[in-house]
């Protein structure tokens with residue numbers, strides 16, 4: 001049984017290695033660092049998964065995601081992946097987005113949506129909370145980026161999600 005004073009920072013959990021994962025903190029412990037709450041679907045049990053040692057802060061701008069079937073954290077423009085699920089020492093920094101030219105440097109929200117086989121990265125970002133999101137393709141090999149255009153895109157607030165086929169029902 002996990003403590004009831006957990007506050008989740010994101011609504012939807014991220015599925016990886018038979019678990020659902022959320023960024024969280026303990027209510028009333030605002031100076032404590034964030035951590036990951038992991039629910040094992042097979043064992044029906046919770047556990048705490050720790051962030052990389054370099055991310056020892058309480059910061060609601062952290063983003064939890066999944067890249068290449070690994071947990072992923074974006075913090076201060078650093079993109080980290082946990083190569084072996086549940087092993088804190090397996091966190092590895094993939095790249096730092098701050099080396100990119102504007103617009104990413106000045107954005108308030110950056111989310112890695114997908115890493116392609118050629119190591120190009122699809123990013124979602126915005127400058128302001130209520131601003132429409134923008135999408136760019138980042139070439140991690142040479143540090144360049146270009147706007148990602150979508151044909152026939154309706155011009156309203158939208159969110160892209162990467163879908164993975166699964167036999168696990170999202171409604172539990």
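FYI, it's all coordinate maths here, none of it is from the lab. Everything numeric here is computed off the predicted structure, so don't read it as measured data. Heads up, the Cβs are rebuilt from the backbone with ideal geometry, glycines too, and the neighbour counts pull from every protein chain shown.
So here's what we get for this one:
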read-out	value
Segment residue 132-residue 40, length gained on full extension (0.36 nm per residue, minus Cα span)	29.6 nm
Residue 118 versus residue 48: modelled label distance in nm, points set 7 Å from Cα along the beta carbon direction	4.4 nm
Residue 92-residue 141 FRET efficiency (beta carbon distance; Förster radius 25 Å; 0.05 resolution)	0.90
